[in-house]
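Here the structure comes first, spelled out in structure tokens, and everything after it is commentary.
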Amino acid sequence: ICYSPDTQTIWVSTKDGLYKINSSGISPFYLDNLPVFASCLTAHDNLVIIGTFNNGIRILKGNNVKSLTSDDGLLSNDIVNIEVINSNLWVHTSGSIQIFSLETFKLIYKYPFPTADNIFLTDANELDNNCYFTVLNGLYKIRPVQKKGDTVGIYLNSLFINHKDT
């Protein structure tokens, strides 16, 4: 559940989908005529940010909807939690925490978890350029991995396998 003061709307995620409650009453929220199943919600300024179980993140600003998916840099479209910290969007997935700019929704950096096994993240925060996160069995501290620009200067124009154009 989250409250958007800009539109004076309460957003509620249930097993049946996402609902909005405002002066007009209770109504289901649909995208492309389909219900939205939210794993987490947060509101920031005039944005409502929705983490989904398998469709990445949906960002609502008025009647406009922007999507943030694995095509945009998410490591997974399965979102565990989202939160706004220091004007950035922190996205918790099963393998890391990614930080996106709330202005551009571009990846700033990520905190990969120190183990290859999926861990159950309960909370995370940043202090002195370190990420502190809690899991079921303890507290961890890790440093960010900076996102580097694309420096590849060579791109494939075509590919032939056994003398056949693929």
### Task
Considering each residue of the range 88-107, count those that are in contact with a strand residue (DSSP E or B) (Cβ under 8 Å, 6 or more places away or on another chain), of a type outside the set (F, W, Y) and within 13 Å of H44 (Cα to Cα), and give that number.
4
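For D71, indicate whether it is in contact with a strand residue (DSSP E or B) (Cβ under 8 Å, 6 or more places away or on another chain) and either loosely packed, with under 12 Cβ neighbours inside 10 Å or not β-branched (V, I, T) (or both). Step through it out loud before you land on a result.
Details: in contact with a strand residue (DSSP E or B) (Cβ under 8 Å, 6 or more places away or on another chain): no; either loosely packed, with under 12 Cβ neighbours inside 10 Å or not β-branched (V, I, T) (or both): yes.
Answer is no for this residue.
Taking strands (runs of 3 or more DSSP E) that do not extend beyond the range 16-68, which have at least 3 residues that are out of contact with any Lys or Arg (no Cβ under 6 Å at 6 or more places or on another chain) and among the aliphatic types (A, V, I, L, M)? Lay out the reasoning, then the answer.
Details: elements: 17-22, 25-28, 38-44, 47-52, 57-61, 64-68.
Passing ranges, in order: 38-44.
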#### Entry: Matching residues in the range 104-135 - criterion: being at pLDDT 60 or above, in a loop (DSSP other than H, G, I, E, B) and in contact with a Ser or Thr (Cβ under 7 Å, 6 or more places away or on another chain)
F113
### Query
Looking at (1) open to solvent by 60 Å² or more (accessible area, probe 1.4 Å); (2) within 29 Å of C131 (Cβ to Cβ); (3) not in a strand (DSSP E or B), can you tell me which one T7 breaks?
(2)
### Task
Report, by residue number, each residue of the range 77-88 that is part of a loop (DSSP other than H, G, I, E, B) and either of a type in the set (F, W, Y) or buried (at least 17 other Cβ atoms within 10 Å of the Cβ) (or both).
N77, I79, V80
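The values are calculated or read from the model by the stated rules, or taken from the named source; none is laboratory data. The model shown is predicted, which means the values in this text are computed figures rather than measured ones. Counting neighbours? That spans all protein chains shown, and the Cβs are built from the backbone with ideal geometry, glycine included. Heavy atoms of the whole protein, side chains included, go into the accessibility calculation; ligands, DNA and RNA do not. Shrake-Rupley method; radii C 1.70, N 1.55, O 1.52, S 1.80 Å.
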